[in-house]
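Student: Below is the structure I would like to discuss, written out as structure tokens.
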Amino acid sequence: MATFDLHISRHQLHYSETKLPAWHKATPESLAEYKTQVTNALVRKTGQNLQNESDVINFFHEISVILRECAGNTVIHTSYNPFTRPGWTKAVKEFHDIERAKRRLWMSEGRPRGMNYSSDREYKGAKRLLRNALDREYAAYMSKVCADIDKAAEVDLRLFWKLTKRIKPKTSRLYPEITDSTGKKNTDPEEVAEAFADHYETLYRCLMDQHFDDGTKKYIDTKISEITELFKGDLRTLPGGPITSDKIICVVQSVKSRKAPGFDLITNEHIKYGGITLTLCIAVLFNAIIDSGKIPTEWKQGLIIPIYKGAGRPTTLEIPQSTATRLPKKSRLLNSFL
């Protein structure tokens, strides 16, 4: 019924510094420019003749590259910053750089202790300056937050509670470990990834054991036989006819924004704001896939992201863990028609 390729590919290492378009910050002018650039780049590809699976994959990659480049030229990009904190300004960053440099010098001299050592004295002084700068900026930040709350209390109660909730102390418990089926506790990130990969490989392996759902398999085989018999005259088209640009536009309008991309780094917004020329190319791509009867292997490879549910649960693989699987957006779009 399905084939799972669970070869480990640590995308967080491959794309650790990747910057994605901040579509929610894009202006109408930048979106119009993005649409224009995509149209100009794809206008000669709407009549592409895709003969085999290799042509389909190459065409898919060409479209993906064009969308990423056009977005890079027109839309503001952003990336995740794990070091963000209130009050961390450019001035504080300068003090932090000085403190780090003094620390490296102090460590290179063997970490001497005492005020008679210049490296230790300068390192402690740099730490003190950094701490004072942080305290000043954080105090200024909190003063602004309190002023916003006071203003919201008189004008907008919804905003008041939103701002109040934002500064409410939160407790978080991180579990950088997982216990595998053998009882081994893994703490290294790569070991955790290996443990999850082994777990899902075992979970999705087609085994004819007491847990195998034979009734579902028979039902699916029966349905496939009925569909094959119904369309045995022409298996190279869908019941509703070929996929058109208008049909794709209808589906694209309903997709949600600000969703994580797949391995190709294409988001829903790349397609949403691409214009009619892009949908014409996607229609060519989809019809070629349906005509050949083969979905590209890359479109069936997803990024499985385990999500620990918390609430005091044990960090073992036997306890059901929630997962999020990221597939290429064009693959999900094609599934809407299939």
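Student: Please give the helices (runs of 4 or more DSSP H) falling wholly within segment 239-322 in which 1 or more residues are in contact with a Lys or Arg (Cβ under 9 Å, 6 or more places away or on another chain), in the same structural domain as Thr228 (by TED's automatic domain parsing) and at pLDDT below 85.
Tutor: Counting at least 1 such residues, we get 276-292.
Student: Within segment 31-81, can you find the residues that are assigned to a loop (DSSP other than H, G, I, E, B), under 21 Å from Gly262 (Cα atoms) and modelled with pLDDT under 85?
Tutor: Ser79, Tyr80, Asn81
Student: Please determine whether any residue of segment 107-121 is part of a helix (DSSP H, G or I) and of a type in the set (A, V, I, L, M, F, W, C).
Tutor: Checking segment 107-121: at least one residue is part of a helix (DSSP H, G or I) and of a type in the set (A, V, I, L, M, F, W, C).
Student: Quick check on Arg104: is it closer than 30 Å to Arg131 by Cα, out of contact with any Pro (no Cβ under 9 Å at 6 or more places or on another chain) and at pLDDT 90 or above?
Tutor: So Arg104 passes the test.
Student: I've got another one for you. Working carefully through the options Thr74, Thr46, Thr89, Thr39, find the one that is touching a helix residue (DSSP H, G or I) at 6+ places or on another chain (Cβ under 6 Å), surrounded by 12 or more Cβ atoms within 10 Å (Cβ to Cβ), polar (S, T, N, Q) and closer than 30 Å to Asp120 by Cα.
Tutor: The unique qualifying residue is Thr89.
Student: With Ile282, Ile290 as the choices, which residue is closer than 17 Å to Asp55 by Cβ and surrounded by fewer than 20 Cβ atoms within 10 Å (Cβ to Cβ)?
Tutor: Just a single option satisfies the conditions, and that option is Ile290.
Student: Among Ile63, Ile98, which is the only one that is surrounded by 11 or more Cβ atoms within 10 Å (Cβ to Cβ) and within 29 Å of Ser292 (Cβ to Cβ)?
Tutor: None of the other options fit; the residue is Ile63.
The values are calculated or read from the model by the stated rules, or taken from the named source; none is laboratory data. What you see is a predicted model; the values in this text were computed from it and never measured. All Cβ positions, even for glycine, are placed from backbone atoms using ideal geometry, and neighbour counts span all protein chains on display.
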